[in-house]
Amino acid sequence: MLSMNWLRKISFACTLAAIIGLLTGCGPAENVPDTSAIKVDLKTQRFDVDLYAIDTSNIAAGLHQLRSKYPDFLDYFLDTLMAYEIHGNYNDTVMGIREGLKPFLVHKDYRELEDYIKKQYPDTKKQDEQLTGGFKLLKYYYPQYKVPRIMYLNMGLSKWTSFLADSATQCVGLDMFLGDDYPHYFSVGLFDYMYPQRRASYLPVAVFTVIYRTAIPLQTQEKNLLELMLQKGKEQYFLHKILPQLPDSVLFGFQKKQMEWCQQNEAYIYNFFVKNQLIYSKEVQNTIPYITDGPFARGMEPPSNPEKFTPGNIGTWLGYKMICAYMDQHKELTMPQLLQTEFNSATFLAEAKYKPR
């Protein structure tokens, strides 16, 4: 797995000339550096397609062939991810194949899911291009970063969007990016407010979110709401710089109407937290709900409203706006320096000269 300290370590290796003056604004297309000279040969593989191409009347032979193409991944998928406990014993009589893998390959629901994936993703050229652009920018800020290969999977609606198998392989579950019209997300506990993150447009966001959180995990213990919002704001700042072509609604995983409401009500949102003495609260019930996904922001809209416009994760959006204000006051800072900065929540707002609009 990637070291959680790689961002900090690599940042010291970056020369000032390579990164100075890049991040002076928060617009989605502001100060995008020229990465034309940076070479990224992104390796991607459609493991889902190859797995479902196996002849189910002779799975053992199919697995032997598959292992020649995926020598360091097949057993990880079968035993670690899917827990079939085959352990390289490719024999059709083995319980893990007979009762685990074979049903996954032949059951009507699973085959229909793979067919739906292939229909939505006959290829991944667009996604590969988006990821390549993001990795170029990541290597611009962190030249020593090693780009992983991307392994596209069908995990059977397991809710795994993207994760690192190891430092060299990042997995992407295409079954989690099938769009609003896919009929079975609700049946596995994915509700309407989660749908923006089930679209193909969100796939690169999921990939780079995993990379960020592996390097800089969220610290929640004994943190007040402002401190948590600033942590999440840094994450969004990173995503905005790595994926500058994507609109805010996609980067935050919000519906467009939610994004518009936030932009129109920034002062109200901030004053809500101040008025209700939430900014410096460390009570979990007053912090976590505002920085995690949910159907709406608790207490911010009248209960009688039949339609809610506030995203549950509204604190992350406000934290991003605060980070933008801080960077406007500290234009000399680079992204690596920002991500290393430990803020004093008692003085941050004054240092950022944050004034909600």
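Counting only aspartates and glutamates at least 8 places from K39 when in the same chain, those with an alpha carbon closer than 18 Å to its own are D128, E129.
Computed from Cα atoms, the angle from the helix 266-275 axis to the main principal axis of the chain rounds to 80 degrees. Across the stretch 47-101, counting alpha-carbon atoms alone, Rg and Dmax equal 9.9, 25 Å.
For the stretch 225-352, the Kirkwood estimate of hydrodynamic radius, built from reciprocal distances between every pair of different alpha carbons, is 15.1 Å. Neighbour counts of C-beta atoms inside 10 Å place T161, T124 in the sequence T124, T161, starting with the fewest.
If both residues of a DSSP beta bridge must be in the chain, then about 35% of such bridges are antiparallel. Relative to the dominant Cα principal axis of the chain, helix 225-242 is inclined by about 60°. Using the rule -39500 (n - 2.57) for each DSSP H run of four or more residues, divided by the residues of the chain, the 222 nm mean residue ellipticity is -12000 deg cm²/dmol. Which of the pairs K234/K355; K119/K308; K146/K241; K159/K275; K257/K353; K308/K355 have their Cα atoms more than 30 Å apart in this structure? From K234/K355; K119/K308; K146/K241; K159/K275; K257/K353; K308/K355, over 30 Å: K119/K308; K159/K275. Residue order for E351, E114, E222, fewest other beta carbons within 10 angstrom first, comes to E222, E351, E114.
Counting Lys and Arg as +1 and Asp and Glu as -1 over every other residue whose Cβ lies under 14 Å from the Cβ of N154, the net charge comes to -2. Within a straight-line Cα-Cα reach of under 17 Å, K223 can be paired with the following aspartates and glutamates, leaving aside sequence neighbours fewer than 8 residues apart in one chain: E235, E283, E342.
No value in this document is a laboratory result; all are computed from the given coordinates. This structure is a prediction, so every number in the text was calculated from the model and none was measured. Don't worry about glycine lacking a Cβ; one is built from the backbone with ideal geometry, like all the others, and counts go over all protein chains shown.
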